[in-house]
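Following: one structure in structure tokens, then a few remarks.
The values are calculated or read from the model by the stated rules, or taken from the named source; none is laboratory data. Computed from a predicted model, the values in this text were never measured in an experiment. Glycine also receives a Cβ, built like all others from the backbone with ideal geometry; neighbour counts cover every protein chain displayed.
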Amino acid sequence: MVLVDGSGIPLGATVHAASQAEVKVIHETLAILRVPRVGPGHPRTKPRRIIADKAYDCDAFRLAMLARGIEVIAPHRRNRTRRRLQDGRPLRRYRHRWKVERTFAWLQSYRRLVVRWDRSAKMFLAFIHVACLMITLRAL
């Protein structure tokens, strides 16, 4: 799972088993987030909002993020039976999700990440960090 900023620059990444739901591992991914401030002060550790896909349409996840003060922008699933927690106004920001998908495409340009040759998760995560560093340097 990769966290990106508003322009698609990677901020952090974690590696998990393929069978885990993303909603369950996002708390661990958010724990590694550190964004330096422009002025003095501690780095930011929580985003203002998360733009996610339909896989994050879970009431427990939305309420947990609301308790942390994070706005979740994710479209509701079509087969949702409970009432909708979000109207269409915040979903206008969902159109910026292409920047996240573009970052995934940039990561896919590194062959070692497309085909996972490493058995160790630590080595695979190290190469993800190297790829994120190269993407960040290219953006600067």
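The requirement of being closer than 21 Å to residue 2 by Cβ, free of Cβ contacts under 8 Å to residues at least 60 places away in the same chain and either surrounded by fewer than 11 Cβ atoms within 10 Å (Cβ to Cβ) or not small (Gly, Ala, Ser) (or both) is satisfied by residue 72.
Here is the figure for the range 2-60: residues that are touching a His at 6+ places or on another chain (Cβ under 7 Å), under 28 Å from residue 116 (Cβ atoms) and without any contact (Cβ under 8 Å) to a residue 60 or more places away in the chain total 2. When residue 64 is tested against (1) surrounded by fewer than 13 Cβ atoms within 10 Å (Cβ to Cβ); (2) within 19 Å of the chain's Cα centre (by Cα); (3) farther than 21 Å from residue 8 by Cβ; (4) at pLDDT 85 or above, just one condition goes unmet, and that condition is (1).
The residue pairs whose first member lies in the range 113-140 and is in contact (Cβ under 8 Å) with a residue 40 or more places away in the chain, whose second member is assigned to a helix (DSSP H, G or I) and surrounded by 13 or more Cβ atoms within 10 Å (Cβ to Cβ), and whose beta carbons are closer than 6 Å, counting only pairs six or more residues apart or on different chains, are 135/106. Restricting attention to the range 106-119, the residues that are part of a helix (DSSP H, G or I) and surrounded by 11 or more Cβ atoms within 10 Å (Cβ to Cβ) total 5. Taking the range 1-46 as the range and being in contact with a Lys or Arg (Cβ under 6 Å, 6 or more places away or on another chain) and among the hydrophobic types (A, V, I, L, M, F, W, C) as the test, only 35 passes.
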